[in-house]
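J.: Can you read through this structure? Questions will come right after.
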């Protein structure tokens, strides 16, 4: 039997990547800053967004959010209490969001009505790293209860992030969390990453977060790196 | 565990690309970067099930693992990394975020049975 090799050179996630590129163009045309938030389950993405949306609304900004979970609309209801437009994406077992789901859940929204769109990914530090959602900025969150070595255990997702947010900083002392070590580990897997320390409960660190969002909306070049 | 959906995407991409060819598909060669977020074992595990009843049924999946390659500004050279836990030049120790290889998830080629 003789065999022959046929070159294909095709990206496995080509379809997702193409959809993500279309979304990115739409977001850019609408002047909309889009952030993709990734973390383990329980890191406090929703609590972080609750405060973010509430404070942005109070400051006169126009945020919106898409929130991904396997089941329930609990998180969407929590976030909608801020008054911001929010939609839940139920993945029914899928462990990550894909660009197609984002496109479907934007239908009926006029993107020009918003200045910032937050996409809260499914709580998972593995699978979401492979899927571009068309975001301008990827934010990886890490809580002090998870341990300083989380970035070393899940380097792929932290390497793909532009910003790292350490959450539940009000619990740092109780957890004997070594901030210096966490920062060192983050820089090890993603040299130069921007790191914020926050508490969604006390509001610590949110001034820095809001200034960062403002500079991103103004088109700060160093953080506007595409992922593909 | 998103490897099954990755494999389904491999199957549909290969099936579409090879739809005009009658030859039997023997092997699919996949390039998987160390930062692609995909694990070889899980890919192999799902391959037989995902290819069943498709033109890829009975074929083998060959996974070629690609290490991360960074560009070191200090050395002005490309450097291959041993793992994905530290992004420092293995020669001079300078950190680098300039990744030149390692995010690939690509169907490189397909081996087919040549018609007699």
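The values are calculated or read from the model by the stated rules, or taken from the named source; none is laboratory data. Keep in mind that this is a model prediction, so the values were computed, not measured. With ideal geometry, Cβ positions are generated from the backbone for all residues, glycine too; neighbour counts draw on all protein chains shown.
J.: Identify the residue in the range A:27-44 that is in a strand (DSSP E or B) and farther than 16 Å from residue A:103 by Cα and, among all such residues, is nearest to the other protein chains (Cβ to nearest Cβ). First the steps, then the outcome.
T.: As a first pass, look at the range A:27-44 and keep what is in a strand (DSSP E or B): A:33-38.
Narrowing the set further to residues that are farther than 16 Å from residue A:103 by Cα leaves A:37-38.
On the way: A:37: 17, A:38: 11 Å.
Looking at the filtered set, the residue picked out is A:38.
J.: Can you work out which of the residues in the range B:93-113 that are in a strand (DSSP E or B) and more than 7 Å from every other protein chain (Cβ to nearest Cβ) is surrounded by the fewest Cβ atoms within 10 Å (Cβ to Cβ)? Steps first, answer last, please.
T.: Residues of the range B:93-113 that are in a strand (DSSP E or B), as a first pass: B:95, B:99-101, B:105-113.
Subset that is more than 7 Å from every other protein chain (Cβ to nearest Cβ): B:99-101.
Working: B:99: 17, B:100: 13, B:101: 18.
The selected residue is B:100.
J.: In the range A:45-60, is there at least one residue being away from every other protein chain (no Cβ under 14 Å) and either over 30 Å from residue A:144 (Cα atoms) or modelled with pLDDT under 95 (or both)?
T.: Step one: list which residues in the range A:45-60 are away from every other protein chain (no Cβ under 14 Å), which gives A:45-60.
Next, from what is left, pick out any that are either over 30 Å from residue A:144 (Cα atoms) or modelled with pLDDT under 95 (or both): A:60.
Looking for residues that are away from every other protein chain (no Cβ under 14 Å) and either over 30 Å from residue A:144 (Cα atoms) or modelled with pLDDT under 95 (or both), one finds at least one in the range A:45-60, hence yes.
J.: Next up: Specify which of the listed residues (B:92, B:75) is touching a residue at least 12 places away in the same chain (Cβ under 8 Å) and out of contact with any strand residue (DSSP E or B) (no Cβ under 7 Å at 6 or more places or on another chain). Walk me through it before giving the result.
T.: Numbers: B:92 fails: out of contact with any strand residue (DSSP E or B) (no Cβ under 7 Å at 6 or more places or on another chain).
Unique residue meeting the criteria: B:75.
J.: Report, by residue number, each residue of the range A:28-39 that is in contact with a helix residue (DSSP H, G or I) (Cβ under 9 Å, 6 or more places away or on another chain) and surrounded by fewer than 21 Cβ atoms within 10 Å (Cβ to Cβ). Full working, then the answer.
T.: Step one: filter the range A:28-39 for residues in contact with a helix residue (DSSP H, G or I) (Cβ under 9 Å, 6 or more places away or on another chain), giving A:29-39.
Selection gives A:29, A:30, A:31, A:32.
J.: What residue, among those in the range A:97-123 that are part of a loop (DSSP other than H, G, I, E, B) and buried (at least 23 other Cβ atoms within 10 Å of the Cβ), is nearest to the other protein chains (Cβ to nearest Cβ)? Give the steps one after another, and end with the answer.
T.: We begin by selecting, within the range A:97-123, every residue part of a loop (DSSP other than H, G, I, E, B); these are A:97-98, A:106-110, A:114-115, A:121-123.
Checking the rest, the ones that are also buried (at least 23 other Cβ atoms within 10 Å of the Cβ) come to A:97-98, A:121.
Working: A:97: 11, A:98: 9, A:121: 12 Å.
This residue is A:98.
J.: Among the residues of the range A:167-194 satisfying the criterion of being in contact (Cβ under 8 Å) with a residue 24 or more places away in the chain, under 22 Å from the mean Cα position of the chain (by Cα) and part of a loop (DSSP other than H, G, I, E, B), which is farthest from the other protein chains (Cβ to nearest Cβ)?
T.: Among those residues, the one meeting the criterion is A:168.
J.: If you don't mind, there's one more thing I want to ask. Look through A:9, A:24 and report the one residue that is more than 14 Å from every other protein chain (Cβ to nearest Cβ) and either under 26 Å from residue B:13 (Cα atoms) or free of Cβ contacts under 8 Å to residues at least 12 places away in the same chain (or both). Full working, then the answer.
T.: Numbers: A:9 fails: more than 14 Å from every other protein chain (Cβ to nearest Cβ).
Every option except A:24 fails the conditions.
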